[in-house]
Amino acid sequence: MSFLLIKGGRLIDPLQAVDGLYDIVVEKGRVKDVLKAGMLAGNDLKNKGKVIDAEGLWVIPGMIDMHCHLREPGEEYKETIKTGTTAAVAGGYTSLAAMANTIPVNDNASVTDFILNKASVEGAANVLPVGTVTRGMKGESLVDMGELKDAGVVAFSDDGRAVMNSEIMRRALEYSKAFDLPIISHCEDTNLSGAGVIHEGYVSAVTGLKGMPSESETVMIGRDIALAELTGGRLHIAHVSTAYGVELIREAKARGVNVTAEVTPHHLTLTDDAVRGFDTAAKVNPPLRGEKDREALINGLEDGTIDVIATDHAPHSLVEKDVEFDAASSGMIGLETSLSLCLSLLFKKRINLSALIEKLTKNPARILGLERGALKKGFKADIAIIDPNAEWVVDTSKLYSKSANTPFRGWKMRGRVVKTIVNGKVVYG
Amino acid sequence: MIDNAIKRKDLLGMDDLTVDEIEAVLETAEKLKEVSQRDIKKVPTLRGKTIINLFFEPSTRTRTSFELAAKRMSADAINISASASSVVKGETLIDTAMNLEAMNPDAVVIRHPSPGAPHIISRLLKSSVVNAGDGAHEHPTQALLDLMTVKEKKKRLSGLQVVIVGDITHSRVARSNIIGFKKSGAKVRVVGAPTLIPYGIENMGVQVSYDLKESIKDADVIMMLRIQRERQEGALLPSLREYSIRYGLDMEKLEDAPKDVIILHPGPLNRGVEISPEVADSPYSLILNQVSNGLAVRMAIFYHLLGGKE
Ligand SMILES: [Zn+2]
Ligand SMILES: [Zn+2]
């Protein structure tokens with residue numbers, strides 16, 4: 001049997017509270033041993049396996065993106081399971097929760113089966129399907145959650161749309177308790193957001209682009225927290241974008257409500273200033289908000305109110321994006337830029353390394369109930385090796401994603417993935 | 001004859017223009033205005049140039065004004081009425097732009113319901129792009145003609161109190177005028193129902209008021225905006241009747257304004273809704289001056305952008 005030895009890197013593993021120089025031995029797709037660097041007897045592994053020299057590099061558990069859109073089935077011209085997972089491993093991600101708003105939507109076991117089969121054949125990373133909350137994602141009646149759980153979904157979400165009917169949301173939070181799976185809520189009161197295309201504020205006042213107020217998100221976060229409190233169900237708030245939203249989650253957690261939350265790298269990095277030149281790549285839902293919101297999101301990340309950083313990777317082709325701002329689809333790709341954007345918070349000393357890695361590994365694993373997100377003996381060997389000092393420029397023609405809709409094109413980045421290992425196999429680098 | 005002070009390809013918004021550029025356009029417009037009073041209303045300045053009017057929204061007035069402006073400068077003007085629904089048929093704004101580029105025009109005048117559409121076009125075309133109104137964003141030639149009209153009457157812009165009344169949220173005329181008047185040193189106050197004034201507008205340096213009668217007491221200029229009848233459906237306005245009582249300008253409300261106040265309206269008028277017929281036809285009203293100045297301003301813009309030399 002052959003080994004894989006990752007030698008001399010700085011291992012950061014928040015689950016085991018480890019930060020130091022370690023050698024990692026991988027065998028049969030799993031972590032066999034994690035040893036203080038230099039403890040390994042000289043010739044033990046020579047000639048029996050492959051050695052990766054990780055000196056000067058950081059070794060972290062493979063990142064888990066609990067929110068992305070892989071577009072397959074149905075919109076393969078934007079992304080496929082193959083291209084999406086390839087982009088993922090190039091960005092240091094080893095597992096992806098794939099949102100259910102495909103065509104057809106993932107509201108029954110046959111769609112889940114299709115996704116899992118396709119991923120097992122063509123996927124470079126682990127694909128974890130998310131099922132819809134409601135049949136046809138219409139917001140009217142619950143899906144067969146038991147059937148979907150048995151087929152392998154890790155959560156339920158109508159993401160892309162809000163569950164506007166409060167009674168349906170209540171019952172979803174209630175019924176899902178039997179399966180111990182979270183409901184991931186895209187919080188948006190669509191009556192309030194209306195025809196809005198950007199954040200309502202100074203930029204919408206100046207550009208004449210229709211705004212959607214922060215309150216279209218916060219009233220729904222408030223509603224969902226109330227319903228989680230009523231039912232005891234597991235609520236996960238997708239892509240928080242507002243200061244008041246963070247505050248509501250902070251208070252709810254203090255009261256002991258069963259709620260977790262995620263934020264995207266783009267909401268941590270950009271404000272609505274990015275749409276002033278009518279760049280459709282910066283059109284996203286929830287929209288890029290004000291500087292106060294961005295500050296509050298970073299603070300929420302620092303103090304633990306926000307558990308997870310998730311990309312909301314949402315590929316669109318030129319057909320959807322190379323049009324008038326009003327007509328353009330919302331969403332941006334994020335798998336390949338996420339790590340560098342996250343690391344910039346570290347370099348600016350807004351968050352410490354272990355806390356940052358936790359939001360990308362340990363916490364999403366905990367919320368989705370995965371035995372991953374750590375380099376523990378016996379765990380599947382999902383690993384990312386990072387050069388924290390590598391500098392690179394985002395060139396959309398060189399990204400692995402099938403789509404190029406990113407407002408970060410041309411940005412100078414610091415920190416890059418050197419190698420990615422999924423289930424013990426080197427899949428990138 | 002006139003020094004060409006504008007070194008830019010496009011006119012996309014008042015936001016882009018410097019104070020000097022604004023003044024240069026107004027100066028040129030004053031000189032060109034005389035052309036329209038001649039027997040032969042034409043100068044050869046832009047002979048051989050082609051100007052395309054690309055209108056995705058019906059607007060006979062603005063289109064005619066641009067067309068006439070082009071013709072009085074001896075340019076060839078072509079009108080293309082594209083419906084925004086051609087996008088539904090699969091032809092995108094980008095396709096349209098590329099098609100135009102192939103015809104090699106010197107300027108494209110574009111009106112479009114979506115904010116930023118002229119900006120998209122301008123990135124693709126080598127020719128000059130003039131924004132003739134993009135959604136609720138900007139309508140720079142309207143602001144320039146309003147500045148010209150006020151300056152003609154008041155002999156200055158700096159220090160004037162300008163009051164803009166109506167649906168500010170959905171008005172490109174309001175946005176361009178706020179920027180234009182502020183840059184020219186005037187004070188601007190916006191007045192309307194709270195549902196029609198966007199949050200954040202104060203940061204453009206304007207005062208906000210919900211009371212028309214009170215807010216015109218110190219006005220040098222009152223600009224009435226056209227109210228879209230559709231606004232009363234939905235939650236923005238209870239009824240046009242109530243709107244007209246609160247925010248329509250009639251002789252009675254005008255009594256509180258200074259005697260030398262002037263009144264502007266970008267047209268077309270909703271007589272009896274935002275402006276009473278008596279006010280529209282009163283000596284305070286400069287609505288027809290706006291129309292003739294519109295022509296002069298557009299001639300001036302073509303002159304500056306297309307590098308006219310004599
Ligand atoms: Zn969403
Ligand atoms: Zn999403």
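The values are calculated or read from the model by the stated rules, or taken from the named source; none is laboratory data. All of these numbers come straight from a predicted model, not from anything done at the bench. All Cβ positions, even for glycine, are placed from backbone atoms using ideal geometry, and neighbour counts span all protein chains on display. SASA here: full protein model, heavy atoms, side chains in, ligands and nucleic acids out. Shrake-Rupley method; radii C 1.70, N 1.55, O 1.52, S 1.80 Å.
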Q | Reachable aspartates and glutamates, given that their alpha-carbon falls under 12 Å from the alpha-carbon of A:Lys118 and they are not under 8 places away in the same chain | A | A:Glu72
**Q.** Zone of B:Lys155's modelled label, taken as backbone nitrogen in the stretch B:179-195 under 19 Å from a point 7 Å along Cα→Cβ
**A.** B:185-186
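How many percent of DSSP beta bridges within the protein assembly as shown run antiparallel, rounded to 5? Could you put the intermediate results ahead of the total?
Details: 32 of 97 bridges.
Of those bridges, close to 35 percent are antiparallel.
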Q: Provide Rg over Rh for the protein assembly as shown; use the alpha carbon set for both Rg and the Kirkwood Rh (inverse mean inverse pair distance).
A: 1.06
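Below 8 Å between Cα atoms, with a sequence gap of 6+, how large is the relative contact order for the stretch B:140-286 in percent? Intermediate values should be presented prior to the final figure.
Numbers: 262 pairs, mean separation 34.7, N = 147.
About 24 percent, as a whole number.
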**Q.** Mean-position separation - Cα centroids, the stretch B:173-229 and the stretch A:314-353, in angstrom
**A.** 37
Q: Enumerate by residue number the trypsin sites (Lys or Arg not before Pro) in the stretch A:293-363 meeting two conditions: DSSP loop (anything except H, G, I, E, B), and at most 12 other Cβ atoms within 10 Å of the site's Cβ.
A: A:Lys348, A:Lys349
Q) Residues of A:197-207, mean number of Cβ from any other protein chain within 10 Å of their own Cβ, rounded to a whole number? A) 6
Q. So what's the gap between the Cα centers of the stretch B:256-282 and the stretch A:66-120, to the nearest angstrom?
A. 60
Q: Given the options A:Lys82, A:Lys380, A:Lys398, state which has the largest fluctuation in a GNM of chain A using a 10 Å cut-off (strictly under) for Cα springs.
A: A:Lys398
(Q) Using a Cα-Cα cut-off of under 16 Å, which aspartates and glutamates could be cross-linked to B:Lys182, ignoring same-chain neighbours fewer than 8 residues away? (A) B:Asp15, B:Asp16, B:Asp20, B:Glu21, B:Glu23, B:Glu138, B:Asp146, B:Glu202, B:Asp220
(Q) Over chain B, what is the relative contact order in percent, taking alpha-carbon pairs closer than 8 angstrom and at least six residues apart? (A) 21
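Where the accessible area of the protein assembly as shown is counted over protein heavy atoms with a 1.4 Å probe, how much of it, in %, is carbon and sulfur?
Looking at the protein assembly as shown in its full context, I get 50 percent from C and S.
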Q | Degrees, to the nearest 10: A:109-122 long Cα axis against longest axis of chain A | A | 40
Q) Normalized C-alpha radius of gyration of chain B, against 2.2 N^0.38 Å? A) 0.99
**Q.** Proximal lysines to A:Lys321, defined as alpha-carbon separation beneath 24 angstrom and excluding residues fewer than eight positions away on the same chain
**A.** A:Lys78, A:Lys82, A:Lys210, A:Lys283, A:Lys398, A:Lys402, A:Lys412, B:Lys89, B:Lys126
(Q) What's the total accessible area buried between chains A and B, using a 1.4 Å probe, rounded to the nearest 100 Å²? (A) 1500
Q: Give the shape of the stretch B:140-286 as rounded, prolate or oblate, defined through the alpha-carbon gyration tensor: a ≥ b ≥ c are the square roots of its eigenvalues, a/c under 1.5 means rounded, and otherwise the shape is prolate if a/b is larger than b/c and oblate if not.
A: oblate
Q. What average count of beta carbons from other chains do you get within 10 Å of the Cβ of residues in A:276-284?
A. 2
Q) Among A:Leu345, A:Leu15, A:Leu230, which one moves the most in a GNM of chain A with springs linking Cα atoms closer than 10 Å? A) A:Leu230
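What is the mean number of Cβ atoms from other protein chains located within 10 Å of the Cβ atom of each residue in peptide A:317-323, rounded to a whole number?
Mean number of neighbouring Cβ atoms from other chains: 2.
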Q | Selected from A:Tyr202, A:Tyr400, A:Tyr175 as most flexible by GNM, with chain A as the system and alpha-carbon contacts under 10 Å | A | A:Tyr202
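Suppose a student asked you for the relative contact order of chain A, using Cα pairs under 8 Å spaced at least 6 residues apart; what percent would you report? It would help to have the intermediate numbers written out before the result.
Details: 1070 pairs, mean separation 84.3, N = 429.
About 20 percent, as a whole number.
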